[in-house]
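So that we are looking at the same thing, I have put the structure below in structure tokens.
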Amino acid sequence: MAVTLAEVFESLAETYTTREENARTKLAKCLADLTQGVDTSLIRTAMDTAAEAVPYRRVLEYAEKAGLREALADVRKELTRQLLTRYAGSSTCQIRNEAARMEVEAAQRFLENTDNLLDRYEDAPSEGVGEQAEAEPVPAPAPADVPTATPTQRRTLEAIRDNGVVIQEPRVGQRRVTAERGERPRRDMVEWVVAQGWAKRAATSLFRGQAVTLTAIGEAILAR
């Protein structure tokens with residue numbers, strides 16, 4: 001079965017929006033406990049995940065009126081224009097500067113994560129096409145409908161499937177990849193397959209570690 005644009009984008013959107021929801025929930029619990037101090041790392045994580053989720057939520061909101069393909073193209077154009085004119089922040093308030101920096105970096109990651117999605121994946125067939133397919137079965141899609149991975153990309157996917165891969169950031173700016181067993185894949189390759197929608201990270205704290213698992217697309221690639 002061909003992988004559609006909606007499947008790929010919704011998989012990405014779910015990863016980032018779930019991560020944001022969990023971060024907000026943890027922060028809310030922390031703030032509600034008046035016997036404990038405020039964990040500032042939770043505030044930073046909530047700000048960061050919120051900035052990352054905004055573009056995905058915006059696309060889904062626009063898609064209700066214009067369709068996913070048009071919505072994604074429009075949001076990508078908006079963010080590209082903003083990045084050409086916006087700076088990370090020059091306010092006297094350091095918190096505002098930090099939030100602005102996160103928004104800029106989140107926009108850059110969104111553009112990287114969604115690069116070429118519009119060219120690589122087709123839309124889902126309409127209801128009419130589906131009804132016709134039920135009446136007159138058509139040949140199964142060619143294997144080319146599933147993305148083709150290089151040997152390095154396949155090894156990364158296999159490690160994610162078999163080795164218990166985790167992304168962790170014990171300190172700001174010191175992100176790393178660990179494996180419970182077997183070969184530890186390169187961090188840049190793990191982040192790349194996540195950005196492609198071939199794998200996803202658990203919506204847990206980066207400080208404690210986010211387990212990486214395959215999406216349906218990643219499993220289909222290895223099944224080829």
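The values are calculated or read from the model by the stated rules, or taken from the named source; none is laboratory data. No experiment lies behind these values; they were computed from the predicted model shown. Virtual Cβ from ideal backbone geometry, glycine too; neighbours counted across all protein chains shown. Just so you know, the surface numbers come from the protein's heavy atoms only, side chains and all, with ligands and any DNA or RNA stripped out. Shrake-Rupley method; radii C 1.70, N 1.55, O 1.52, S 1.80 Å.
Mind checking which residues of segment 1-22 are polar (S, T, N, Q), open to solvent by less than 30 Å² (accessible area, probe 1.4 Å) and out of contact with any strand residue (DSSP E or B) (no Cβ under 7 Å at 6 or more places or on another chain)?
Taking segment 1-22 as the starting set, the residues that turn out to be polar (S, T, N, Q) are 4, 11, 15, 17-18, 22.
Then drop every residue that is not open to solvent by less than 30 Å² (accessible area, probe 1.4 Å), which leaves 4, 11, 15, 17.
Across segment 1-22, the qualifying residue is only T17.
Now, a different point. Which residue, of R161, R96, is farther than 30 Å from A46 by Cβ, touching a Gly at 6+ places or on another chain (Cβ under 9 Å) and at pLDDT 80 or above? Show your work before the answer.
Values: R96 fails: farther than 30 Å from A46 by Cβ.
Only one candidate passes the filter, namely R161.
Within segment 53-60, identify whether any single residue is assigned to a helix (DSSP H, G or I), over 25 Å from G218 (Cβ atoms), under 16 Å from the mean Cα position of the chain (by Cα) and in contact (Cβ under 8 Å) with a residue 24 or more places away in the chain, and answer yes or no.
Keep residues of segment 53-60 that are assigned to a helix (DSSP H, G or I), which gives 53-60.
Imposing the further condition that a residue be over 25 Å from G218 (Cβ atoms) reduces the set to 54, 58.
The next check asks that each one be under 16 Å from the mean Cα position of the chain (by Cα); those that pass are 54, 58.
This time we only want the ones that are in contact (Cβ under 8 Å) with a residue 24 or more places away in the chain, so: 54.
Yes, segment 53-60 has at least one match.
Going by what's in this entry, would G128 be described as modelled with pLDDT under 90, of a type outside the set (V, I, T) and assigned to a helix (DSSP H, G or I)? Walk me through how you get there before you give the answer.
Values: modelled with pLDDT under 90: yes; of a type outside the set (V, I, T): yes; assigned to a helix (DSSP H, G or I): yes.
It is true that G128 is modelled with pLDDT under 90, of a type outside the set (V, I, T) and assigned to a helix (DSSP H, G or I).
While we're looking at this one, here's another question. State all residues of segment 173-201 that are on the phi < 0 side of the Ramachandran plot, without any contact (Cβ under 8 Å) to a residue 40 or more places away in the chain and not in a helix (DSSP H, G or I); if no residue qualifies, say none. So that I can check it myself, show each step before the final result.
Of the residues in segment 173-201, the ones on the phi < 0 side of the Ramachandran plot are 174-181, 183-196, 198-201.
Filter once more, so that each one left must be without any contact (Cβ under 8 Å) to a residue 40 or more places away in the chain: 174-181, 183-192.
Those that are on the phi < 0 side of the Ramachandran plot, without any contact (Cβ under 8 Å) to a residue 40 or more places away in the chain and not in a helix (DSSP H, G or I): Q174, R175, R176, V177, T178, A179, E180, R181, E183, R184, P185, R186.
Considering only segment 101-117, state which residues are aliphatic (A, V, I, L, M) and at pLDDT 85 or above.
In the first step, residues of segment 101-117 are kept if they are aliphatic (A, V, I, L, M); the result is 102, 104, 106-107, 111, 117.
Scanning segment 101-117 gives M102, V104, A106, A107, L111.
Could you list, in sequence order, all residues of segment 2-22 that are among the aliphatic types (A, V, I, L, M) and within 10 Å of the chain's Cα centre (by Cα)? Before the answer, list the steps.
First, the residues of segment 2-22 that are among the aliphatic types (A, V, I, L, M): 2-3, 5-6, 8, 12-13.
Passing the criteria: V8, L12, A13.
Do we find that I221 is open to solvent by less than 40 Å² (accessible area, probe 1.4 Å), modelled with pLDDT of 80 or more and over 20 Å from E52 (Cα atoms) in this structure? Lay out the reasoning, then the answer.
Values: open to solvent by less than 40 Å² (accessible area, probe 1.4 Å): yes; modelled with pLDDT of 80 or more: yes; over 20 Å from E52 (Cα atoms): yes.
So I221 fits the description; yes.
From T40, T25, grab the single residue that is more than 13 Å from the chain's Cα centre (by Cα), surrounded by fewer than 16 Cβ atoms within 10 Å (Cβ to Cβ) and either farther than 20 Å from A202 by Cβ or modelled with pLDDT under 90 (or both).
Details: T25 fails: either farther than 20 Å from A202 by Cβ or modelled with pLDDT under 90 (or both).
Only one candidate passes the filter, namely T40.
Take A66 and tell me if it is farther than 14 Å from T204 by Cβ and surrounded by fewer than 17 Cβ atoms within 10 Å (Cβ to Cβ).
Values: farther than 14 Å from T204 by Cβ: yes; surrounded by fewer than 17 Cβ atoms within 10 Å (Cβ to Cβ): yes.
Considered against the rule, which asks whether it is farther than 14 Å from T204 by Cβ and surrounded by fewer than 17 Cβ atoms within 10 Å (Cβ to Cβ), A66 comes out as yes.
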